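Student: Have a look at this one before I ask anything.
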């Protein structure tokens, strides 16, 4: 199969999910005797794109244009669809990030393609790919098959392995896709990012707090632990609804579904909609004073005790190891 | 200003999901269905735009008769009109989007709203697909919206931050939690909704591109180890995470 993977960059930097999408494309290409072609879009991306060779890209295409410096749903999707047509790719892979998820549906419509979003597994089966994706907030999984000539998949960050780059630089071909003013009917004018702040959906470690923490200011404890362990702060729905934490931190069915290596649930009872959003984490730690809290049913390690007593000590103990 | 809001009828987030005997659908027995939570923000935003700019809010839902309950909720919140695109056949995202786009094209709204995703299939693609099918710009996962002089400035949530997007109108937006605080239907609204008619339209037959092969429960996790019940458990927990799980 001829795969086109879209490697996302923001401010001329790749995220880990970009490497994951490249490596996944290569895996499928190897299994099918195909080719993994990687596309990168931006204003000045040719020089940075070579690195993707070390993650398995067999060819690297750069579409660069000053107007493509910031994300535009209409323009980026046009670029991707045009490159797919030129390359005659049959599979398009994007990261299920805020950019990939916004762009992929347009790409699918332009190419008359079926789409599978937020896939957590892609299995080659004969001439096709069986994709697995969570539904009902993670309470069920579905296996799907796309029957159109072109197939579009977005893959959930942190699930597929990127491996480490070999350092081999691939050669980069610059491709020109003409764009008109009318291709930019919606465009980003500004992005604001809290510096150094890890997003719960991308973090390897998530430390979440629930209603048992009693007040917004007590999240300082959670922040301290998260910073000691090098993780992101998450929150339960109750806490977000109470206005203690922003919605961007909510884990669960009406928040984010996360699959970190380590998920620490503190003073969270474990409502079904919360557990659905984090149960695919590799290791789960629960700290709750209620021994009957459902969260202990999904936790690998539990401490039945008051979070206010445990957390400061846990933070200190972890600092001894991480040195943060 | 003509406002359309596309809404879905989905299992409540508190519902347990069991798989039906066919192995590709859920068992609907004893599952409560509600207006999709994200669609509540979409309905609310349309009502606020109407209150500010005048106009009409049309609520549209694709599905079976049961979806009328959800359409009534939108009417009770204050929508002016409800349309059921009546179809029981299984549809993938593309064919849902196509049926909605066909209808929306006829009424040509200035603003089309969706929830950012339906909490059943969780695909988060239909709104943006409809935009592409109609040749309209779109902004997904909106947390703030300002409309003036035929254009909109929207803030959307991105990883660890926000992105401010400018777009011309007409346009499609998908609502994220935090965009507003949805109102509860008033008693008067609920009574009025009962007498408002729901228009029924039969959409063109679906041509799905995606086939569901199986629906299953995720592998269940066994309850793990209780490390302790007081402070003395802390060093042991850290040791387990460091040496056994090797995650720190």
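The values are calculated or read from the model by the stated rules, or taken from the named source; none is laboratory data. Note that the structure is predicted; figures quoted are calculated from it, not measured. Heads up, the Cβs are rebuilt from the backbone with ideal geometry, glycines too, and the neighbour counts pull from every protein chain shown.
Student: Given the residues A:209, A:231, which is the only one that is over 21 Å from the mean Cα position of the chain (by Cα) and more than 8 Å from chain B (Cβ to nearest Cβ)?
Tutor: Sole residue among the options that is over 21 Å from the mean Cα position of the chain (by Cα) and more than 8 Å from chain B (Cβ to nearest Cβ): A:209.
Student: Let me ask you something else. If you scan the range A:165-179, which residues turn out to be touching a residue at least 60 places away in the same chain (Cβ under 8 Å) and in a loop (DSSP other than H, G, I, E, B)? Break it down stepwise before answering.
Tutor: Residues of the range A:165-179 touching a residue at least 60 places away in the same chain (Cβ under 8 Å): A:165-177, A:179.
Scanning the range A:165-179 gives A:165, A:166, A:167, A:168, A:169, A:170, A:171, A:175, A:176, A:177, A:179.
Student: With respect to the numbered conditions (1) over 14 Å from residue B:248 (Cα atoms); (2) within 9 Å of chain B (Cβ to nearest Cβ); (3) in a strand (DSSP E or B), which one is the sole condition not fulfilled by residue A:284?
Tutor: If we test residue A:284 against (1) over 14 Å from residue B:248 (Cα atoms); (2) within 9 Å of chain B (Cβ to nearest Cβ); (3) in a strand (DSSP E or B), just (1) comes out false.
Student: When residues of the range A:113-166 are filtered for being at positive phi and within 13 Å of the chain's Cα centre (by Cα), how many remain?
Tutor: 2
Student: Restricting attention to the range B:184-204, report how many residues are at pLDDT 95 or above and part of a loop (DSSP other than H, G, I, E, B).
Tutor: 6
Student: Look at residue B:124 and say whether it is touching a strand residue (DSSP E or B) at 6+ places or on another chain (Cβ under 7 Å) and more than 9 Å from every other protein chain (Cβ to nearest Cβ).
Tutor: Taking the combined requirement at face value, the residue does not satisfy it.
Student: Going by what's in this entry, would residue A:276 be described as within 9 Å of chain B (Cβ to nearest Cβ), touching a strand residue (DSSP E or B) at 6+ places or on another chain (Cβ under 9 Å) and surrounded by 22 or more Cβ atoms within 10 Å (Cβ to Cβ)? Give the steps one after another, and end with the answer.
Tutor: Details: within 9 Å of chain B (Cβ to nearest Cβ): yes; touching a strand residue (DSSP E or B) at 6+ places or on another chain (Cβ under 9 Å): yes; surrounded by 22 or more Cβ atoms within 10 Å (Cβ to Cβ): yes.
Yes: the conditions hold for residue A:276.
Student: List the number of the failed condition for residue B:190; all other conditions in (1) free of Cβ contacts under 8 Å to residues at least 40 places away in the same chain; (2) more than 9 Å from chain A (Cβ to nearest Cβ) hold.
Tutor: Every listed condition holds for residue B:190 apart from (1).
Student: In addition: Out of B:248, B:147, I need the residue that is at pLDDT below 95 and surrounded by 15 or more Cβ atoms within 10 Å (Cβ to Cβ). Which one?
Tutor: Matching residue, one of B:248, B:147: B:248.
Student: Restricting attention to the range A:146-166, which residues are surrounded by fewer than 17 Cβ atoms within 10 Å (Cβ to Cβ) and facing chain B (nearest Cβ under 7 Å)?
Tutor: Matches in the range A:146-166: A:147 only.
Student: So, residue B:181, is that one within 24 Å of the chain's Cα centre (by Cα), part of a loop (DSSP other than H, G, I, E, B), at pLDDT 95 or above and more than 7 Å from chain A (Cβ to nearest Cβ) or not?
Tutor: Considered against the rule, which asks whether it is within 24 Å of the chain's Cα centre (by Cα), part of a loop (DSSP other than H, G, I, E, B), at pLDDT 95 or above and more than 7 Å from chain A (Cβ to nearest Cβ), residue B:181 comes out as yes.
Student: I'm trying to understand the selection: among the residues of the range B:200-238, which are surrounded by 14 or more Cβ atoms within 10 Å (Cβ to Cβ) and more than 7 Å from chain A (Cβ to nearest Cβ)?
Tutor: B:201, B:203, B:206, B:208, B:236, listed by residue number.
Student: A further question follows. Determine whether the range A:244-257 contains at least one residue that is crowded, with 21+ Cβ neighbours inside 10 Å, away from chain B (no Cβ under 11 Å) and assigned to a helix (DSSP H, G or I).
Tutor: No, that holds for no residue.
Student: Taking the range A:259-287 only, how many residues are under 18 Å from residue B:178 (Cβ atoms) and either free of Cβ contacts under 8 Å to residues at least 12 places away in the same chain or under 17 Å from the mean Cα position of the chain (by Cα) (or both)?
Tutor: Going through the range A:259-287 one residue at a time, the tally reaches 1.
Student: Give just the number: which of (1) closer than 26 Å to residue A:105 by Cβ; (2) under 17 Å from the mean Cα position of the chain (by Cα) does residue B:88 not satisfy?
Tutor: (2)
Here's the yes/no breakdown for (1) part of a strand (DSSP E or B); (2) at pLDDT 95 or above; (3) surrounded by fewer than 21 Cβ atoms within 10 Å (Cβ to Cβ):
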residue	(1), (2), (3)
B:79	no, yes, no
B:88	no, no, yes
B:102	no, yes, yes
B:109	no, yes, no
B:119	no, yes, no
B:124	no, yes, no
B:127	no, yes, no
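Student: Out of the range A:308-324, which residues are part of a helix (DSSP H, G or I), more than 7 Å from chain B (Cβ to nearest Cβ) and in contact with a helix residue (DSSP H, G or I) (Cβ under 6 Å, 6 or more places away or on another chain)?
Tutor: Across the range A:308-324, the qualifying residues are A:311, A:315, A:319.
Student: Here is a list: A:169, A:131, A:96, A:121. Which entry is out of contact with any strand residue (DSSP E or B) (no Cβ under 6 Å at 6 or more places or on another chain), more than 7 Å from every other protein chain (Cβ to nearest Cβ) and either at pLDDT 95 or above or more than 30 Å from residue B:135 (Cα to Cα) (or both)?
Tutor: Among A:169, A:131, A:96, A:121, only A:169 is out of contact with any strand residue (DSSP E or B) (no Cβ under 6 Å at 6 or more places or on another chain), more than 7 Å from every other protein chain (Cβ to nearest Cβ) and either at pLDDT 95 or above or more than 30 Å from residue B:135 (Cα to Cα) (or both).
Student: Something else now. Quick check on my filter: what residues within the range B:150-178 are part of a strand (DSSP E or B) and surrounded by fewer than 15 Cβ atoms within 10 Å (Cβ to Cβ)? Before the answer, list the steps.
Tutor: Quick first cut of the range B:150-178, residues part of a strand (DSSP E or B) only: B:151-158, B:161-168, B:171-175.
Within the range B:150-178, B:168 is the sole residue that qualifies.
Student: For residue A:203, state whether it is part of a loop (DSSP other than H, G, I, E, B), more than 9 Å from chain B (Cβ to nearest Cβ), surrounded by 14 or more Cβ atoms within 10 Å (Cβ to Cβ) and without any contact (Cβ under 8 Å) to a residue 60 or more places away in the chain. Show your work before the answer.
Tutor: Values: part of a loop (DSSP other than H, G, I, E, B): yes; more than 9 Å from chain B (Cβ to nearest Cβ): yes; surrounded by 14 or more Cβ atoms within 10 Å (Cβ to Cβ): yes; without any contact (Cβ under 8 Å) to a residue 60 or more places away in the chain: yes.
Criteria met by residue A:203.
Student: Another question, then. Which one of these does residue A:67 not meet: (1) assigned to a helix (DSSP H, G or I); (2) within 14 Å of chain B (Cβ to nearest Cβ); (3) crowded, with 21+ Cβ neighbours inside 10 Å?
Tutor: Residue A:67 satisfies all of (1) assigned to a helix (DSSP H, G or I); (2) within 14 Å of chain B (Cβ to nearest Cβ); (3) crowded, with 21+ Cβ neighbours inside 10 Å except (3).
Student: Okay, moving on. Quickly run through the range A:9-45 and pick out the residues that are over 17 Å from the mean Cα position of the chain (by Cα), in a helix (DSSP H, G or I) and either closer than 21 Å to residue A:85 by Cα or outside the structural domain of residue A:82 (by TED's automatic domain parsing) (or both).
Tutor: Hits for the range A:9-45 are A:26, A:28, A:29, A:32.
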